[in-house]
Amino acid sequence: MSSAAYLPFLIQAVLAAGVGGLIVGVSHLLGQRARHSKVKDSAYECGVPVEGVIHTRFSVKFYLTALLFMLFDLEVVILIPWTFIYRDFLANHISILGPVLFFIGVLVLGLVYEVKKGALDWEK
């Protein structure tokens with residue numbers, strides 16, 4: 001492959017870096033600058049001073065649910081390519097039904113375990 005094949009990628013990468021640098025530079029030059037450290041360290045909301053706690057704490061249940069969602073979401077992403085290449089495996093007389101069922105079985109076991117442990121119960 002010649003180096004000319006990589007030219008569109010190089011142009012796009014240079015343009016992306018240039019636009020990103022330009023935006024950061026213009027923001028630095030023209031952006032609002034805080035004069036007081038109290039203002040600098042606080043959230044800005046339409047010029048109104050912040051009242052109360054700025055940073056609220058999230059419950060561990062939120063993080064656990066988010067982690068479980070990401071785990072099962074990534075496993076579904078792994079299943080999608082199997083659906084696209086299933087025809088190729090059938091054409092070569094290779095059965096992938098066993099490994100797919102094993103994978104789904106592990107997913108189901110993991111979900112049953114999480115339900116039994118009460119990880120999805122918000123009332124606890």
Quiz item: If we keep just the residues of the range 24-47 that are assigned to a loop (DSSP other than H, G, I, E, B) and surrounded by 11 or more Cβ atoms within 10 Å (Cβ to Cβ), which is modelled with the highest pLDDT?
Solution: Tyr44
Practice problem: Return a yes/no flag: does the range 58-79 have any residue that is in contact (Cβ under 8 Å) with a residue 60 or more places away in the chain and outside any loop (DSSP other than H, G, I, E, B). | Solution: yes
Quiz item: Quick one: would you say Leu90 is free of Cβ contacts under 8 Å to residues at least 12 places away in the same chain, surrounded by 10 or more Cβ atoms within 10 Å (Cβ to Cβ) and more than 25 Å from the chain's Cα centre (by Cα)?
Solution: yes
Practice problem: Can you confirm whether the range 88-95 contains a residue that is out of contact with any Asp or Glu (no Cβ under 6 Å at 6 or more places or on another chain), among the charged types (D, E, K, R) and over 16 Å from Phe72 (Cβ atoms)? | Solution: yes
Self-check item: Condition met for Val50 (at pLDDT below 75 and not basic (Lys, Arg))
Solution: yes
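The values are calculated or read from the model by the stated rules, or taken from the named source; none is laboratory data. Computed from a predicted model, the values in this text were never measured in an experiment. Here the Cβ is made from the backbone with ideal geometry for all residues, glycine too, and neighbour counts use every protein chain on show.
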